[in-house]
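Input: a single structure, listed below in structure tokens.
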Amino acid sequence: MARAKRRTVQEFGAHPVDVYVGQRVRMRRVMCGLSQTALANKIGLTFQQLQKYESGMNRISASKLWLIAQELDAPVQWFFADAAEGRSPAAEFGTKRETLELVRNFMTIPPEVRQHFLSLVKSV
């Protein structure tokens, strides 16, 4: 019986689902206001390992994803949302740090002030 050739990151690149989940981890981490070092320490990793997870170069195990979800207060399935449609998290609202920080800070503004802010932004 012939064995299937093993898919390696060096040869084929990161698997699209691993990249997608890693981008969602990064998005959620930044929105929660955590550095890579802070999250990595909370789940028993080095920040370099978390970087590899976020880039999709290393696949996140089920147990690590569960720990990440617990620390970031998100259900595990959140990290797979829209993956089947092939959309990237960037398509959702962008993954630049400034954008994620803006969203995180915006959500802390009282709702009535938020509406005024939105009106101001729309008028610009």
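The values are calculated or read from the model by the stated rules, or taken from the named source; none is laboratory data. Every value quoted in this text rests on a predicted model; they were computed, and no experiment measured them. Calculation scope for accessible area: heavy atoms of the full protein, side chains included, ligands and nucleic acids excluded. Shrake-Rupley method; radii C 1.70, N 1.55, O 1.52, S 1.80 Å.
Brief remarks follow.
- Sorting Val25, Val113, Val103 by accessible area puts them as Val113, Val103, Val25; the probe is 1.4 Å, largest comes first, and only protein heavy atoms count.
- The string of couplings for region 107-115 from the Karplus curve (6.51, -1.76, 1.60, θ = phi - 60°) is 5, 8, 6, x, x, 5, 6, 4, 4 Hz, one whole number per residue in order, with x for Gly and Pro.
- Area of Val124 that stays accessible when all protein chains are in place (1.4 Å probe, Å², to 10): 140
- With θ taken as phi - 60° and the Karplus curve 6.51 cos²θ - 1.76 cosθ + 1.60 applied, the whole-hertz 3J(HN,Hα) list for region 49-63 is 5, 5, 4, 5, 4, 5, 7, x, 5, 10, 6, 8, 5, 4, 5 Hz, x standing for glycine and proline.
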